[in-house]
Every structure is written in structure tokens, then in C-alpha cells.
Amino acid sequence: MTDRPVKTLHKVAQVARFNPSEIKQAIGEVEGVNAKLAVLITRGVGTMACAYLFSLIALISLPAIFEQAGVLSKGDVPSFFEKPGLILIVSWIAQTFIQLVLLSIIMVGQRVQSAASDTRAEKEFADTEMILDRLDIHTAGGIKTILDRLDALEGKPAAKAP
């Protein structure tokens, strides 16, 4: 057996992409307004589009910070970026809204998605158990019944379960 690396590049690109149909499907898997809203926000925030938006918000106040730090002179920065109101709005969005509000919403969304995933896994496990049970050569109604009928056609006595 050779150890080949698992290729996840296509999965990473799929997860980080903003895909409305996948978000709609994920919302359809949960019940309740709060759960649907949490999944919607979690899925939306977990995209590269949102990362770019948050980066843009963070970079808006950077020129004013560079000016205050002495890296840039007053004439290097457009006056719009130096307005205290803009810096306060960016600060509020980054420190209050994104960190405090979105953090709890994302945690709820992850819990909801985890519960939905657990439910799917439990169903898949039950289905797998049923299939394996039916394939068991010693289980009546499964392959044992077919083997007994084949043996009967050939005139052999039916095999007994151990």
C-alpha cells in the first residue's frame, strides 16, 4: 500500500466559496427561525467573500493609523480617511459587532450544523447496519435464504447457522 497524499484543494475551494444554493440547502436541513438565521450567517461569514469584506473594513482606517504613527505625512492620506467618525465606525464594526455579535451567532450556527451532521451520520449508520444484516449469510431473509434455495435446487441439505 502506498501512502498518497489526500488532495483537498477542490474541497477547500468549495468550502470557501460563496454558494447560495449550498446555503439554501443547509438552511433547509434545520428547523426554527433562530437555527436558520444562525446557519445562514455562519455559512455566509465562512466564505472568502466575507473575508475580503472584513479585510476591506479593517483597511479603511489603516491610512489614518499610519499617519498617527508617523509613517505617512498629513498630505499623503486623503482627508476622508482621517475623519474621526470614519475611524470610530470602523472600530465599532470590527470590535463590537464582528467580535461580540458574530462570534456567538457563528458558535450557534456551528452547533446547529454539527447536530444536523450527527443526525445524518446516525441515519447512515443505521442504513449500513441494515445492509450488513441483510448480507450476513447466517441471517434469515438475507443471503442465507438465497443460499438455502440454491442448495435446495442442487439437492443439498440447507446449511445450519452456527
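The values are calculated or read from the model by the stated rules, or taken from the named source; none is laboratory data. Everything numeric in this text was worked out from a predicted model, so none of it was measured. So basically every Cβ, Gly included, is an ideal-geometry build from the backbone, and we count neighbours across all protein chains shown.
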- Filter segment 60-107 down to residues that are more than 30 Å from Val39 (Cα to Cα), free of Cβ contacts under 8 Å to residues at least 24 places away in the same chain and part of a helix (DSSP H, G or I), then give me how many there are. 17
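Residues checked against (1) among the basic types (Lys, Arg); (2) under 15 Å from Gln110 (Cα atoms); (3) at pLDDT 85 or above:
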| position | (1), (2), (3) |
| --- | --- |
| Thr2 | no, no, no |
| Pro5 | no, no, no |
| Lys11 | yes, no, no |
| Gln14 | no, no, no |
| Arg17 | yes, no, no |
| Ala38 | no, yes, yes |
| Arg43 | yes, yes, no |
| Gly46 | no, yes, no |
- Would you check which residues across segment 108-130 are among the aliphatic types (A, V, I, L, M) and either loosely packed, with under 11 Cβ neighbours inside 10 Å or under 15 Å from Gly28 (Cβ atoms) (or both) and list them? Val112, Ala115, Ala116, Ala121, Ala126, Met130
